[in-house]
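Visitor: To start, I am sharing the structure in question, which I have written as structure tokens.
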Amino acid sequence: MDIFLQQLVNGLTIGSLYALVALGYTMVYGVMKLINFAHGDLVALSAFAGLTVYTNIFADGGTSIIAVITVFMFTAAIIAVVGVLLERLAYRPLRTAPRLSAVVSALGAGLVIQNAIMLIWGPNMKIFPSDLFPSTIWDINGVVVTFTQLMILGISSVLMIALYLFINKTKMGTAIRAVAIDQDAAKLMGINVNKIIMIIFVIGSALGAVAGLFIGIYYRGITFDMGWMYGLSAFVAAIIGGIGNIPGAMFGGLMLGLFNALISGYISSAWAETFTFILLIIVLIFRPTGILGEKVAEKV
Amino acid sequence: MVDHEILLEVKKLHVGYGAIKAIKGIDLFVKKGEVVTILGANGAGKTTTLRTISGLLKSTEGSILFDKGEITNTAAHDIVSLGMSHSPEGRKVFGTLSVEENLLMGAYTLKSHDAETLAWIYKILPRLKEREKQLAGTLSGGEQQMLAIGRAIMSKPKLLILDEPSLGLAPVLVKGIFKAIKEISENGVTVLIVEQNAKAALKLADRGYVLELGKITHEGSSEELLNSKVIQEAYLGKKK
Ligand SMILES: Nc1ncnc2c1ncn2[C@@H]1O[C@H](COP(=O)(O)OP(=O)(O)OP(=O)(O)O)[C@@H](O)[C@H]1O
Ligand SMILES: [Mg+2]
């Protein structure tokens, strides 16, 4: 039972990070029918950029709440700008081209970002400072919960609830859903589709940036190519939840995180990736559009 | 009600899809307060003309003036703010949004939607009120068409463009749709309507144009067109 509860905590933590990253994939896919394969590399870039922001601006020690909030806000803003540039340079020129061209462009853009990280920060692993969050640990009947884990769970939940409300309850959110359904019809409502796509990239990249920073803080070691690994897991999570579906990405992320943690706890972490894909295949056999995908069939 | 001011003017318009020339130099105008119809067989270029006017397609030649301003190269979403609203062929309602959300999207260009307009839409299209919270994709074809029209007038347009509003609807529903369009027109909205149902369209309209293979071949008042032998044979199904 202890292993189970411990892996539940660990699984929800990593699952929240998957969910934050998966939202970026799913929102872009929902509106542009494009898999943004460079998204994982934005997550990695965020960890490195955050490290530099932190060590340069707050080099003289003395971590304060203000310092940590500044690192998060500033890094998220940088990554959002990079995300918007990515769309302008790599995807917009191919908006009407066959989807395969856009996919190739996405893969290329990912390589460019990855190599840029390597050129700027070097090919070796960097270690994230450990003093952003207090090292408080709670031991509840043998189940260990760290302050960092609580922060990841808390902040991810707040961000996801905020996103859900924004998409479902505001005029701008409704316009985003309208653009995802039919771009021409949305234009005829007076919706500026380019602006909506820009907003999608800002939100998706900023959420990915928060995840990247948490990955640095939680796992400490960051490498230039780690975006591929986290990106792939989050992409799988988005598909399991139903790509294009926002609650689906949240659900898929949490589910995959939990599943991985339980496999690691009861079998071996070496098997986690294998089982990830077994889970993906099983879900796709029974729900080809993902667990929450395509709830309503549209009349044509 | 019709005054002499021109609201929409299309001059020497050419539109193509790659090598295919769909519109080959057409001229047309719509005066404030009028109902004008464009008739034509399948593939004549009616939808292409409407999509070019509302900015979804770019012309290769010619110009479009709306409300005294040039809109030839204006983006579709900006044209909506100028007071033109286009209800597209095939309705194109947002299937996974509710009826109410669809209508609110129609008012996207307004700072806040106009409660009076919404109430008026619910009055002339009462079905929509009953289905307010239902997803648009679950409506019947006729209800979807009502929604498409309602959504298009939420922006309080000067010009309402309708592309085949009666397409695929049962005759009793067609009557209802035309009645609603008449009411909208009587409320001061200028209407440009494309229809397969030529008789119903000419009854409603003040004037009409006939489009054949990308060119305008006939134009005149609805009465003239209704009485024209050529039109009767080609579009009104009357034998010689
Ligand atoms: N996306 C497209 N690509 C290539 N050709 C097109 C495209 N859309 C329309 N066309 C061609 O342009 C011509 C005019 O089409 P359009 O849809 O404007 O006709 P229409 O008068 O609206 O016909 P209908 O009554 O069937 O709706 C047709 O020959 C059609 O095949
Ligand atoms: Mg047509």
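Visitor: Within the range B:96-114, can you find the residues that are in a helix (DSSP H, G or I), more than 14 Å from A:GLY173 (Cβ to Cβ) and within 7 Å of another protein chain (Cβ to nearest Cβ)?
Guide: Residue satisfying the conditions is B:GLY106 alone.
For (1) away from ligand 2 (no atom under 16 Å from the Cβ); (2) over 15 Å from B:GLY208 (Cβ atoms); (3) part of a loop (DSSP other than H, G, I, E, B); (4) charged (D, E, K, R), each residue gets a yes or a no:
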{"site": "B:LYS11", "(1), (2), (3), (4)": "yes, yes, no, yes"}
{"site": "B:VAL15", "(1), (2), (3), (4)": "no, yes, no, no"}
{"site": "B:GLY25", "(1), (2), (3), (4)": "yes, yes, no, no"}
{"site": "B:LEU39", "(1), (2), (3), (4)": "no, no, no, no"}
{"site": "B:ARG51", "(1), (2), (3), (4)": "no, yes, no, yes"}
{"site": "B:GLY55", "(1), (2), (3), (4)": "yes, yes, yes, no"}
{"site": "B:LYS58", "(1), (2), (3), (4)": "yes, yes, yes, yes"}
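Visitor: Ok, one more. B:ALA22 is checked against (1) within 16 Å of ligand 1 (Cβ to nearest atom); (2) under 26 Å from B:ILE177 (Cα atoms); (3) at pLDDT 95 or above and fails just one. What number does that condition carry?
Guide: B:ALA22 satisfies all of (1) within 16 Å of ligand 1 (Cβ to nearest atom); (2) under 26 Å from B:ILE177 (Cα atoms); (3) at pLDDT 95 or above except (2).
Visitor: Follow-up. Of all the residues that make up the range B:127-167, how many are within 16 Å of ligand 2 (Cβ to nearest atom) and of a type in the set (A, V, I, L, M)?
Guide: Here is the first cut: in the range B:127-167, the residues within 16 Å of ligand 2 (Cβ to nearest atom) are B:145, B:148, B:161-167.
Pick out the ones that are also of a type in the set (A, V, I, L, M) and you get B:148, B:161-162, B:167.
Counting residues in the range B:127-167 that are within 16 Å of ligand 2 (Cβ to nearest atom) and of a type in the set (A, V, I, L, M) gives 4.
Visitor: If you don't mind, another one. Pull out all pairs, ordered by first then second residue, where Cβ-Cβ is under 9 Å, the residues are six or more apart or on different chains, the first lies in the range B:36-58 and is hydroxyl-bearing (Ser, Thr, Tyr), and the second is assigned to a loop (DSSP other than H, G, I, E, B) and near ligand 2 (Cβ under 8 Å from one of its atoms).
Guide: Sorted first by the residue in the range B:36-58, then by its partner, the pairs are B:THR47/B:GLU89; B:THR47/B:GLU164.
Visitor: Something else about it: Which of the following residues is at pLDDT 95 or above, over 18 Å from the mean Cα position of the chain (by Cα), open to solvent by less than 30 Å² (accessible area, probe 1.4 Å) and away from every other protein chain (no Cβ under 14 Å): B:VAL15, B:VAL35? Reasoning before the result, please.
Guide: Working: B:VAL35 fails: over 18 Å from the mean Cα position of the chain (by Cα).
None of the others qualify; the one that does is B:VAL15.
Visitor: If you check B:VAL191 against the conditions, is it closer than 22 Å to B:THR48 by Cβ, open to solvent by less than 10 Å² (accessible area, probe 1.4 Å), in contact (Cβ under 8 Å) with a residue 40 or more places away in the chain and more than 15 Å from ligand 1 (Cβ to nearest atom)?
Guide: On the way: closer than 22 Å to B:THR48 by Cβ: yes; open to solvent by less than 10 Å² (accessible area, probe 1.4 Å): yes; in contact (Cβ under 8 Å) with a residue 40 or more places away in the chain: yes; more than 15 Å from ligand 1 (Cβ to nearest atom): yes.
Judged against the criteria, B:VAL191 is a match.
Visitor: Any chance you could count how many residues in the range B:60-88 are under 20 Å from A:GLN183 (Cα atoms), away from ligand 2 (no atom under 13 Å from the Cβ) and part of a strand (DSSP E or B)?
Guide: Here the count works out to 2.
Visitor: Does the range B:155-188 hold any residues that are within 16 Å of ligand 1 (Cβ to nearest atom) and either of a type outside the set (Val, Ile, Thr) or open to solvent by 60 Å² or more (accessible area, probe 1.4 Å) (or both), and which are they?
Guide: Those that are within 16 Å of ligand 1 (Cβ to nearest atom) and either of a type outside the set (Val, Ile, Thr) or open to solvent by 60 Å² or more (accessible area, probe 1.4 Å) (or both): B:LEU162, B:ASP163, B:GLU164, B:PRO165, B:SER166, B:LEU167, B:GLY168, B:LEU169.
Visitor: Sticking with this structure for a sec: Which ones in the range A:71-103 are open to solvent by 20 Å² or more (accessible area, probe 1.4 Å) and of a type in the set (Gly, Ala, Ser)? Walk me through it before giving the result.
Guide: Our first condition is that a residue be open to solvent by 20 Å² or more (accessible area, probe 1.4 Å); within the range A:71-103, this holds for A:72-74, A:77-78, A:81-82, A:84-85, A:88-89, A:92-101, A:103.
Those that are open to solvent by 20 Å² or more (accessible area, probe 1.4 Å) and of a type in the set (Gly, Ala, Ser): A:ALA77, A:ALA97, A:SER101.
Visitor: OK, next. Do we have any residue at all in the range B:65-72 that's open to solvent by less than 10 Å² (accessible area, probe 1.4 Å) and within 16 Å of ligand 1 (Cβ to nearest atom)? Break it down stepwise before answering.
Guide: Narrowing the range B:65-72 to residues open to solvent by less than 10 Å² (accessible area, probe 1.4 Å): B:66, B:71.
With the extra rule that they be within 16 Å of ligand 1 (Cβ to nearest atom), the set shrinks to none.
No, because not a single residue in the range B:65-72 is open to solvent by less than 10 Å² (accessible area, probe 1.4 Å) and within 16 Å of ligand 1 (Cβ to nearest atom).
Visitor: Out of all the residues in the range A:127-147, is one or more within 24 Å of A:LEU85 (Cβ to Cβ) and more than 14 Å from chain B (Cβ to nearest Cβ)? Walk me through it before giving the result.
Guide: Taking the range A:127-147 and keeping what is within 24 Å of A:LEU85 (Cβ to Cβ), we get none.
No, that holds for no residue.
Visitor: Need pairs with beta-carbon distance below 7 Å; first residue more than 19 Å from A:TYR54 (Cβ to Cβ) and within the range A:111-132, second small (Gly, Ala, Ser) and part of a loop (DSSP other than H, G, I, E, B); sequence gap 6+ or separate chains.
Guide: Listed by first residue and then by second, the contacts come to A:ILE113/A:ALA38.
Visitor: Just for the range B:147-178: of the residues that are in contact (Cβ under 8 Å) with a residue 12 or more places away in the chain, of a type in the set (A, V, I, L, M, F, W, C) and more than 14 Å from every other protein chain (Cβ to nearest Cβ), which one is nearest to B:GLY188 (Cα to Cα)? First the steps, then the outcome.
Guide: Of the residues in the range B:147-178, the ones in contact (Cβ under 8 Å) with a residue 12 or more places away in the chain are B:147-170, B:173-174, B:176-178.
So of that shortlist, the ones also of a type in the set (A, V, I, L, M, F, W, C) come out as B:147-149, B:152-154, B:159-162, B:167, B:169-170, B:173-174, B:177-178.
Filter once more, so that each one left must be more than 14 Å from every other protein chain (Cβ to nearest Cβ): B:170, B:173-174, B:177-178.
Details: B:ALA170: 28, B:LEU173: 24, B:VAL174: 22, B:ILE177: 17, B:PHE178: 16 Å.
So, considering only residues that are in contact (Cβ under 8 Å) with a residue 12 or more places away in the chain, of a type in the set (A, V, I, L, M, F, W, C) and more than 14 Å from every other protein chain (Cβ to nearest Cβ), the one nearest to B:GLY188 (Cα to Cα) is B:PHE178.
Visitor: Where the second residue is open to solvent by 40 Å² or more (accessible area, probe 1.4 Å) and modelled with pLDDT of 95 or more and the first is over 25 Å from B:GLU195 (Cα atoms) and more than 14 Å from every other protein chain (Cβ to nearest Cβ) and lies in the range B:62-91, which pairs have Cβ atoms under 8 Å and are six or more apart or on separate chains?
Guide: B:GLY69/B:LEU82; B:ASN73/B:LYS58
Visitor: Of all residues being open to solvent by less than 60 Å² (accessible area, probe 1.4 Å) and among the hydroxyl-bearing types (Ser, Thr, Tyr) in the range A:29-70, which is modelled with the highest pLDDT? Just the residue, please.
Guide: Kept after step one, since they are open to solvent by less than 60 Å² (accessible area, probe 1.4 Å), are these residues of the range A:29-70: A:30-32, A:34-36, A:38-54, A:58, A:61, A:63-64, A:67-68, A:70.
Among the residues that remain, those that are also among the hydroxyl-bearing types (Ser, Thr, Tyr) are: A:46, A:52, A:54, A:63-64, A:70.
On the way: A:SER46: 98, A:THR52: 94, A:TYR54: 90, A:THR63: 68, A:SER64: 81, A:THR70: 90.
Going through the qualifying residues, I end up with A:SER46.
The values are calculated or read from the model by the stated rules, or taken from the named source; none is laboratory data. All values derive from a computational prediction rather than experimental measurement. As a convention, Cβ positions derive from the backbone with ideal geometry for all residues, glycine included, and neighbour counts pool all protein chains shown. Just so you know, the surface numbers come from the protein's heavy atoms only, side chains and all, with ligands and any DNA or RNA stripped out. Shrake-Rupley method; radii C 1.70, N 1.55, O 1.52, S 1.80 Å.
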